Each structure stands twice: as structure tokens, then as C-alpha cells.
Amino acid sequence: MSLDAYSEKDCISTNTNTRLFLSPPHMGGNEQKYINEVFKSNYIAPLGEFVDKFEDSIKRYTSAKYALATSSGTAAIHLALRVLGVKKGDIVLASSFTFIGSVVPILYQNATPVFVDSDESWNLSPKLLKKAIKDLPNKPKALIVTHLYGQMAKIQEIADICKENKIYLIEDSAESLGATYKDKQSGTFADFGIYSFNGNKIITTSGGGMLISDNEEWIKKAKFYATQAKEPYLHYEHEEYGYNYRMSNVLSAIGVAQMEVLNERVKKTREIFEFYKRELRDIDEISFMPEIEGSFGNRWLTTISFEKTDPFKIIKRLEEVNAESRPLWKSMHLQPLFKDALNFTNKTGEKLFEKGLCLPTPTNVKLDELKRVTEAIKDIC
Ligand SMILES: *Cc1c(COP(=O)(O)O)cnc(C)c1O
């Protein structure tokens, strides 16, 4: 049976062990202290000093010149497209193997998405990207490339192709904060980079995002659109429309504290990956998402793919030991929403969806507790 046939109800756990979640929030310690400071100052809203502090902290960490804290990662991508002038009739290329939030802003702008499949890196195929650019009747305006599960795409090659063809590049680094390629941070190879701090990401503000760029004018413009496009008068004067897309001071306070532990989190997710790899090394049919040469992934989630075993059997078995797991993302070119969209594929997305699995990668557990997961997988394989 195809994974499509199963619903969430097919997997309800009755096990009473502490649940092992895929990627639960993991507070570092200073979050409440900073929130208290916010409450004391009464800058609950609008904005406030922790928004600036959070943006500064992201700039320091990534070496991006400018940063804008937003209400979500999706909002940050939308702002990037709007600032770049993406509009109806424009083609926007995108990684097909990604999460919907990555590409839905293309629809918000009434532009036309065209999807590009992955290669052996599990991320966007530069070869298919070149083919898409060559075969499309019109020059694409932009590309949104995702570094999935915290692992770097072949970003230098992709950035070079975009530059050569004068296509704007947006890096969806929602899952890959802290990952690098040749020591350069994920999100800083493109015209714009975005991060997400949604509840399940490697660090979280409960919900939120960040837009980064080295172009001051663009970030200024994004800020303008993110605050209802208010013209600089005392009263509310509007020549254009914008959005309500800024991050609150309360949530930014959480973000500042979470940035203090980002490196610890990455260290732990990488240890979890190594643990799974070691424990499952005897099962030949399992392969892990690769880390391309020269890169350092944040291993946000450990993701695997099976040669023979139906991943649904594993999902069910893991539920019996109260461990959460999920199929890999279903590629955009396979989604009913995009049945009419053009795509450049090589069947990688299909295979990964049919055969792949995300394993629990909770940074707040002892590695030994994950034996529950590896033993369950061994039982089935
Ligand atoms: C989470 C995520 C987003 C969207 O971020 P939100 O903050 O949830 O809006 C976009 N792209 C990818 C790859 C993501 O994982």
C-alpha cells in the first residue's frame, strides 16, 4: 500500500514510556529571564529591544549584514519574493523535495512555480536546474533552494548557475540554521536567506522567522512591507499594501536565549545521528541522508531510507514503543495542489517519499533512550 493511503489515526500510541518526539522544543535556561525583562519593561508590543538583540545575534552568528525578524519563515520567504518584484506571470523555480511553507509564497505573489527534483544529495539537483533553465520558454525570475533536514544542498554550484543566468536566489534555511558549506553559513550564499523558529525547528521561539541579506535597501524594503507599508508620516498614509509580518518582542526574547544554545543543539543532533548510524550499521538496506563534501550539516532530523522495508511498518512499530517518526516530505510535484505545475524530475522525490523516514531527534534526551528506536527498527528489518 502507498503511504498516501494512511491517515494520522492509523498510528495512535498506547505505550506509556515518555514519548520520543521528532524534534520537541528544548529551552536553554535564559528564556524566562529574558521574557521577565520584557514584561518588566512592558514592551510586550510593539517590537522592542529584544527584537534588535535577536536580529543582532543572527547577524553575528551567520555574518549576514542585515536581518529582519518575522512572524514566520513562510512570511520571510514571502517578503523576499515581494521585494524582488516577483509578480503574476513570473516563473519561480523551487526545490520540489521540501515543505509546503517553502513554496506557497510563490502562489501568494500569483507567480508560477516550477519544481526541480533532487539528486543523490537528497537536495536540489544542479543538473536538473540547468536543464530547467535551458528548456523553459521564459527566463525564471528566482530560485528557492531548500537545505533539507539541515543538510547543505550543493549551494556553491547552484549559486554559480543562478549568477550566470541572472536568476535571484533565495536560500530556504528554515531547517539548516548552523549548517555550513566551506565554513560559510547556510543562508548567506544567496540574495536572501531565511530561517524558521517554528515549534519543531532546531531552535524555536514557538513561532517565528528571520530574513537575512547583505543588501541594506532590500531589508529596509522588507521591513516596510512587514509593517503594513506605512509611509513615513505621523498619520497612516499608504501608497502600497504590506503585511503584518514582524516578530513580537516576547518571542524575540526566547530567540535570544535559544541562540545561546544553538551550537550545543547542533552538537547533540549530530551525536544522535552518529548514534543511529552506529546502532543500525548492520542493516544493509538502510541509508542515511548524505552530507556533501565540504559541508557540515546541522542534522536537524536524522533521516533514513530503506531499500526493501515498507517505512509504514517501522512507523507503526515505533508508535508501539511511543516514539514519533514521520515519512519524508512528499515532493511538491506529487502534491494535488501542484498537479498542473511544470516540473523537472528524475524520480528521486518519489523514491524518497516511498522509502524514507524521519527518526526522533530530540536534543533533550540521553542517547541511550534512543535504543528504543533502534531496537524497534532492528525487530522489523
Ligand atoms: C518550517 C519550514 C518552513 C516554514 O517556516 P515557518 O516558520 O513554519 O513558516 C519553510 N521551509 C522549510 C523547509 C521548513 O521546514
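Quick check on the range 338-374: of everything there that is free of Cβ contacts under 8 Å to residues at least 40 places away in the same chain and not in a loop (DSSP other than H, G, I, E, B), which residue is nearest to I203 (Cα to Cα)? So, considering only residues that are free of Cβ contacts under 8 Å to residues at least 40 places away in the same chain and not in a loop (DSSP other than H, G, I, E, B), the one nearest to I203 (Cα to Cα) is D368.
Inside the range 176-194, residues that are open to solvent by 10 Å² or more (accessible area, probe 1.4 Å) and farther than 15 Å from L84 by Cα make up a count of 8.
Do you know which residues across the range 203-217 are surrounded by 15 or more Cβ atoms within 10 Å (Cβ to Cβ), among the small types (G, A, S) and either closer than 18 Å to R265 by Cα or within 14 Å of the chain's Cα centre (by Cα) (or both)? Matches in the range 203-217: G207, G208, G209. Selection over the range 122-171 of residues that are within 16 Å of the ligand (Cβ to nearest atom) and either more than 27 Å from T269 (Cα to Cα) or at pLDDT below 95 (or both) gives a count of 3. Scanning the range 263-282 for residues that are assigned to a helix (DSSP H, G or I) and either among the β-branched types (V, I, T) or open to solvent by less than 10 Å² (accessible area, probe 1.4 Å) (or both) yields V266, T269, I272, F275, Y276. Listed conditions (1) within 16 Å of the ligand (Cβ to nearest atom); (2) outside any loop (DSSP other than H, G, I, E, B); (3) not β-branched (V, I, T) are all met by Q32, apart from (1). Test each condition in (1) open to solvent by 10 Å² or more (accessible area, probe 1.4 Å); (2) farther than 26 Å from K134 by Cβ; (3) of a type in the set (S, T, N, Q) for T62 and report the one that comes out false. It is condition (1) that T62 fails.
For L251, the conditions (1) in a loop (DSSP other than H, G, I, E, B); (2) open to solvent by 40 Å² or more (accessible area, probe 1.4 Å); (3) of a type in the set (A, V, I, L, M, F, W, C) are fulfilled apart from (1). Against the criterion of being within 19 Å of S173 (Cα to Cα), touching a residue at least 24 places away in the same chain (Cβ under 8 Å) and not hydroxyl-bearing (S, T, Y), F97 qualifies. Restricting the range 85-107 to residues that are away from the ligand (no atom under 12 Å from the Cβ) and open to solvent by 10 Å² or more (accessible area, probe 1.4 Å), the residue that is farthest from D340 (Cα to Cα) is G85. Scanning the range 354-381 for residues that are open to solvent by less than 20 Å² (accessible area, probe 1.4 Å), within 25 Å of the chain's Cα centre (by Cα) and closer than 30 Å to D117 by Cβ yields G356, L357, C358, L359, P360, T361, V373. So which residues in the range 160-215 are under 25 Å from I254 (Cβ atoms) and aliphatic (A, V, I, L, M)? If the condition is that a residue be under 25 Å from I254 (Cβ atoms) and aliphatic (A, V, I, L, M), then A174, L177, A179, I194, I202, I203, M210, L211, I212 are the ones that fit. Of all the listed residues (F224, F197), the sole one being open to solvent by less than 20 Å² (accessible area, probe 1.4 Å) and assigned by TED's automatic domain parsing to the domain that holds F50 is F197.
The values are calculated or read from the model by the stated rules, or taken from the named source; none is laboratory data. These numbers were taken from a predicted model, which means no experiment stands behind them. Because the Cβ atoms are built from the backbone with ideal geometry, glycine has one as well, and the counts that use them run over all protein chains shown. SASA here: full protein model, heavy atoms, side chains in, ligands and nucleic acids out. Shrake-Rupley method; radii C 1.70, N 1.55, O 1.52, S 1.80 Å.
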